[in-house]
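Asks: For reference, the structure I am asking about is given below.
Only the coordinates and a few stated rules stand behind these numbers; no lab work does. Here the structure is a predicted model, which means the values were calculated and not measured. Backbone-built Cβ (ideal geometry, glycine too); neighbour counts: all protein chains shown.
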Amino acid sequence: MNIREFIEEYFKMSRYVALGTMDGILAVMGVTLTASGVAGAAGVEITNFAVGLTGLAGGIALAMSNAFGSFIGERAEEVRTIRELEQKMMLEEGKLDDTHIHQQAKKRIYMSMFTHGFSSFAGSFVPVVPFILISDRVTAILCTLTLCFSALIMLGVYLGRVSRESLLKTSVEIVLIGILIGVVSFLIGGGHG
């Protein structure tokens, strides 16, 4: 498989691109905003770089969890499908192992693992970068929110195109989810101080 085919396969797994990217952006946005707010509410001095590293650590853990979760879930589904096919074909269990059907199933399993994990990892950089590069807390928070919501709009456009639904409707739904998570993170992190 060349790089072009790999990229095409990656984007064919749109549900994992969407799940991973959205997880990465929103979970890490929640972590960074909460860490930032908790530090401020508690009167603790914590650098933006430390907040960014906290978010990045959460993003890496999320990416690994999503990758291995996809591997386990997809493997179970693919094996079940192969066993059902063997049953329908009146074959002994395991007869389709090491066949073209089995190889294609393995390819889908590993591609879902990579796609979900990589998309989560890539998405987690969106809310982290401002905290790593900008020392002023308010500016970092505003940049993070701007970048996150811009990325969510782009994700909504991508999903709208994939599903052939309204780009606006899909983008608005995703942004509303982002707002909900942002408000919850604010309330948990700093809304009480």
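Asks: Using the alpha-carbon atoms, what tilt in degrees (0 to 90, nearest 10) does helix 48-88 show relative to the longest principal axis of the chain?
Replies: 20 degrees
Asks: Calculate how steeply helix 137-163 sits against the longest principal axis of the alpha-carbon atoms of the chain, using the helix alpha-carbon long axis, and give the answer as 0 to 90 degrees to the nearest 10.
Replies: 30 degrees
Asks: Please give the FRET efficiency for Met1 paired with Lys88, using the beta carbon to beta carbon distance and R0 = 35 Å, rounded to the nearest 0.05.
Replies: Numbers: r = 29 Å, r/R0 = 0.84.
Efficiency, rounded to the nearest 0.05: 0.75.
Asks: Okay, moving on. What does the convex hull of the alpha-carbon atoms of the chain project to on average, in nm²?
Replies: Over every viewing direction, the Cα hull of the chain projects on average to 13.2 nm².
Asks: Between Asp136 and Ser163, 0.36 nm times their residue separation minus their Cα-Cα distance comes to what? Don't jump to the answer; show the numbers that get you there.
Replies: Numbers: separation 27, 0.36 × 27 = 9.72 nm, distance 3.99 nm.
Between Asp136 and Ser163, full extension yields an extra 5.7 nm.
Asks: Here is a further query. Which one of Met29, Ser70, Phe114 is farthest out on the positive end of the charge dipole of the chain, using unit charges on Cβ (Lys, Arg +1; Asp, Glu -1) and the Cα centre as origin?
Replies: Most positive-ward Cα: Met29.
Asks: Could you work out how far apart the two model spin labels at Asp98 and Ala76 are, taking each label as a point 7 Å from the Cα in the direction of the beta carbon, and quote it in nm?
Replies: My value for the distance between the label points is 2.8 nm.
Asks: To continue, here is another question. When the convex hull of the C-alpha atoms of the stretch 46-156 is computed, what volume per residue in Å³ does it have? Working shown, then result.
Replies: On the way: hull volume 11.2 nm³, N = 111.
In the stretch 46-156, the Cα hull volume divided by residue count equals 101 Å³.
Asks: Report the one residue of Ile60, Val17, Leu159 whose Cα lies farthest in the direction of the positive end of the charge dipole of the chain (charges on C-beta: Lys and Arg +1, Asp and Glu -1; origin at the Cα centre).
Replies: Leu159
Asks: Please work out how many pairs of lysine residues in the chain are eight or more positions apart (or on different chains) and have Cα atoms closer than 21 angstrom.
Replies: Working: Lys12/Lys106; Lys12/Lys107; Lys88/Lys106; Lys95/Lys106; Lys95/Lys107.
Close lysine pairs found across the chain: 5.
Asks: Given bins 10 angstrom wide, list per bin the percent of all Cα-Cα distances in the stretch 31-93, short to long.
Replies: Per 10 Å bin, starting at zero, the Cα-Cα P(r) for the stretch 31-93 comes out as 20, 25, 16, 14, 12, 10, 3 percent.
Asks: Taking the Cα centre of the stretch 11-112 as origin, work out the dipole magnitude from +1 charges on Lys and Arg Cβ and -1 charges on Asp and Glu Cβ, in debye rounded to 20. Intermediate results must be reported in sequence, preceding the final value.
Replies: Details: 10 positive and 11 negative charges, 51 e Å.
It works out to roughly 240 debye.
Asks: Follow-up. Give me the dipole magnitude in Debye, nearest 20, for the chain about the Cα centre, with unit charges on the beta carbon: positive for Lys and Arg, negative for Asp and Glu. Mind showing how you got there, number by number?
Replies: Values: 15 positive and 17 negative charges, 65 e Å.
The calculated dipole for the chain is roughly 320 debye.
Asks: Return the single residue from Thr47, Thr32, Thr99 with maximal mean-square fluctuation; model: Gaussian network over the chain, springs between Cα atoms under 10 Å.
Replies: Thr99
Asks: Got a sec to turn the phi values of the stretch 180-186 into Karplus ³J(HN,Hα) couplings, 6.51 cos²θ - 1.76 cosθ + 1.60 with θ = phi - 60°, whole Hz, x for Gly and Pro?
Replies: Whole-Hz 3J(HN,Hα) from phi for the stretch 180-186: 4, 5, x, 5, 4, 5, 4.
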